[in-house]
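Here is the structure we will look at.
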Amino acid sequence: MSLISKLKGLHNDNSISMHVPGHKNNTIGELSDVIKADYDLTEIPGLDDLHDPVEILSELNTMLAQKAPGYHAQAMVNGTTNGIICSIHAIKERVSHFYIAGDAHKSVYHGVSLINSDYTVIRPEELYELDLDDSCVILTSPSYTGELIKDIEKHVEYIRKNNGLSIIDAAHGAHLSITNNFEASLLKSGADVVIESYHKMLPALTMASVLFTGDSALHQRIMHYINQFETSSPSYLVLASIEYAQQFYNEYDDKEFFQKRGQLIHHLKAAGIDTKEQDDPAKLILNSSEGPYNLEQSLRDSGVYSEMVTDEGVLWCLPLWHEGDRYPFTALLERITKLTPAAFNEGTVMNTDILEGEICVENIVPYPPGVPLVLKGNVITADVIKRIKHYQVNHVKIEGIQYNIYYYMNEAEL
């Protein structure tokens, strides 16, 4: 089966999205009205240069910066991953050490690895025990599951007062502050750099991201690295979707969202599905008596696709419902009502026993969420091997396993 056939099949099967991107199979917003194949152009006269914007793309960045007065904005087409890596490279010119606070995405570790930088993994509350002079703290908020770091403005202010710099990976928070009923945007934290993935919850194409920088000189240094790392053939469809997503954000009314959210939670609980609300009202974690992995498979069997499943539960990214949206809400409620437990289908378990006690040579990362289970250079313990097998039984994709097995099976000859 080809990729095109697979995509057509999911579309024709009327699959229901509870995952990213935020346009939810083109049912949220009116993205298809402004994103057309005819608009897939290149940097012809009048369309500016993304890496040195002075015309229409400069106007786009100025419009985006209005979301956060005091920040410079740069639209990006290689996702938040590229923004994180470029920011780390630029800030390395000013600091000698990085602190990674909390459960960071693999791109953060890739960023510090690419510059061969020293780093320390800490809890956010440990900041106050550290000498932050000549350092940068990288925080992740909200988390993949919609949890926010408490008192982050206080953390950022402490970092600044102690001569440190701060980056916030806010990939999952581009929609925050969309109305007063949502938690505050991380742009209100005052961090030196904040990167948001517009595509995750807003109606934008995948890879749509915006990087916000407070200091002009730092912004220029980050642009230097964006010019090196980002594609030199940016998609104008992605860029146009960023503009549309910002317009959607500016005009959004949440009345329909909270009404449907309440109905959905009621139906889930009536169907015996435990529903855990997160700091971000657009994220829910679901569970059932059959366990999260069975629940996710049951939902998928009914044509409802979730964002992620872990031992904690099944993660749903709710649509930003609005008046006139085309999201199949009634069909979703019907499928929840008719849900039945899935047949157990054990995943393939690779022989990872060879790795026990060895040094990890490539990050081992369950994906999603992309937070490393074992970092390169750390020991792969018996408990880790047990968790890996548990994940594999439950069909969780884990990056880095094959590389580590191949390395040790070939006596470290790589």
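Residues that are more than 30 Å from Leu286 (Cα to Cα) and touching a residue at least 12 places away in the same chain (Cβ under 8 Å) were ranked within region 1-35; the one that is surrounded by the most Cβ atoms within 10 Å (Cβ to Cβ) is Ile35. Do any residues in region 84-105 that are outside the structural domain of Pro368 (by TED's automatic domain parsing) and within 22 Å of Leu373 (Cβ to Cβ) have Cβ atoms under 6 Å from those of residues that are surrounded by fewer than 21 Cβ atoms within 10 Å (Cβ to Cβ) and polar (S, T, N, Q), where the two are at least six apart or on different chains, and which pairs are they? Between residues of region 84-105 that are outside the structural domain of Pro368 (by TED's automatic domain parsing) and within 22 Å of Leu373 (Cβ to Cβ) and residues that are surrounded by fewer than 21 Cβ atoms within 10 Å (Cβ to Cβ) and polar (S, T, N, Q), the close pairs are Ile84/Ser107; Phe98/Ser117; Tyr99/Thr120.
Every listed requirement among (1) touching a residue at least 60 places away in the same chain (Cβ under 8 Å); (2) surrounded by fewer than 17 Cβ atoms within 10 Å (Cβ to Cβ); (3) over 24 Å from Ile226 (Cβ atoms) is met by Thr145 save one, (2). I'd like the residue in region 38-52 that is free of Cβ contacts under 8 Å to residues at least 60 places away in the same chain and not acidic (Asp, Glu) and, out of all such residues, is nearest to Phe248 (Cα to Cα). Among those residues, the one meeting the criterion is Gly46.
Being among the basic types (Lys, Arg), under 23 Å from Thr27 (Cα atoms), within 22 Å of the chain's Cα centre (by Cα) and modelled with pLDDT of 95 or more: is that true of Arg300 here? For Arg300, the condition - among the basic types (Lys, Arg), under 23 Å from Thr27 (Cα atoms), within 22 Å of the chain's Cα centre (by Cα) and modelled with pLDDT of 95 or more - is met. Meeting the requirement of 2 or more residues that are assigned by TED's automatic domain parsing to the domain that holds Thr81 and closer than 27 Å to Ile149 by Cα, the strands (runs of 3 or more DSSP E) wholly within region 209-308 are 209-213. The listed residues are Val361, Val396, and the only one of them that is farther than 30 Å from Leu268 by Cβ, not assigned by TED's automatic domain parsing to the domain that holds Ala270 and not in a helix (DSSP H, G or I) turns out to be Val361. Considered as a group, the residues in region 116-138 that are surrounded by 15 or more Cβ atoms within 10 Å (Cβ to Cβ) and either among the charged types (D, E, K, R) or within 14 Å of Ser96 (Cα to Cα) (or both) include one that is nearest to the chain's Cα centre (by Cα), and that residue is Ile138.
Residue-by-condition table, conditions (1) in a strand (DSSP E or B); (2) modelled with pLDDT of 95 or more; (3) surrounded by fewer than 22 Cβ atoms within 10 Å (Cβ to Cβ); (4) out of contact with any Asp or Glu (no Cβ under 8 Å at 6 or more places or on another chain):
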site: Ile44; (1), (2), (3), (4): no, no, yes, yes
site: Asp48; (1), (2), (3), (4): no, yes, yes, no
site: Ser58; (1), (2), (3), (4): no, yes, yes, no
site: Asn61; (1), (2), (3), (4): no, yes, yes, yes
site: Gly83; (1), (2), (3), (4): no, yes, no, yes
site: Cys86; (1), (2), (3), (4): no, yes, no, no
site: Val95; (1), (2), (3), (4): no, yes, yes, no
site: Phe98; (1), (2), (3), (4): yes, yes, no, no
site: Gly111; (1), (2), (3), (4): no, yes, no, yes
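On the basis of being outside the structural domain of Lys200 (by TED's automatic domain parsing) and within 24 Å of Ile149 (Cβ to Cβ), does Thr348 make the cut? So Thr348 fails the test.
Taking the listed residues Glu157, Glu153, Glu125, the one that is without any contact (Cβ under 8 Å) to a residue 12 or more places away in the chain, of a type outside the set (Phe, Trp, Tyr) and either part of a helix (DSSP H, G or I) or within 30 Å of His51 (Cβ to Cβ) (or both) is Glu125, with no other qualifying.
The values are calculated or read from the model by the stated rules, or taken from the named source; none is laboratory data. Because the structure is predicted, anything quoted here is derived from the model rather than measured. In this analysis, Cβ positions are derived from the backbone assuming ideal geometry, glycine residues included, and neighbour counts consider all displayed protein chains.
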